[in-house]
Amino acid sequence: MPAKSDLPQGTLDLLILKVVALGPVHGYAIAQRLQQVSRDVVQVPQGSLYPALHRLENRGLLAADWKETETGREAKFYRLTRKGRAQLETEAASWQRLTKAVGLILRLSQGGAK
């Protein structure tokens, strides 16, 4: 079983935006999707998830409506706004550049760059 991983600052917002971009979803389902897709490496506690959702909603990146879930309970379903989609594209591109750069650094050999 993979070890749980602490997310670098700001990464949770990006991951939430990506999951919500796939379609309207409630908070618990966001946490489940992140855990499932990451093969249990990303596990977001409620104490981190819900403040992040509120923050993203307050910034205008997410909008939300109360709806009934599959189990018949009421839950807040989040959807990406136009501003949120633009933010997702910007942050995803930035993350790709950073991970590429980190990968280059990690591939350095003991004696210098390959």
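The values are calculated or read from the model by the stated rules, or taken from the named source; none is laboratory data. As the structure is a prediction and not an experimental result, all values here were calculated from the model. Glycine gets a Cβ as well: all are built from the backbone with ideal geometry, and neighbour counts include every protein chain shown.
The table below lists the values:
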quantity	calculated
Close pairs from segment 27-47: first in contact (Cβ under 8 Å) with a residue 40 or more places away in the chain, partner among the β-branched types (V, I, T), Cβ under 9 Å, at least 6 apart	Y28/T69; I30/I16; I30/V19; I30/V20; I30/V44
Any hit, segment 87-101, residues being in contact (Cβ under 8 Å) with a residue 12 or more places away in the chain, charged (D, E, K, R), more than 18 Å from L7 (Cα to Cα) and surrounded by fewer than 17 Cβ atoms within 10 Å (Cβ to Cβ)	no
Residue match in segment 55-74 (condition: polar (S, T, N, Q) and at pLDDT 95 or above)	yes
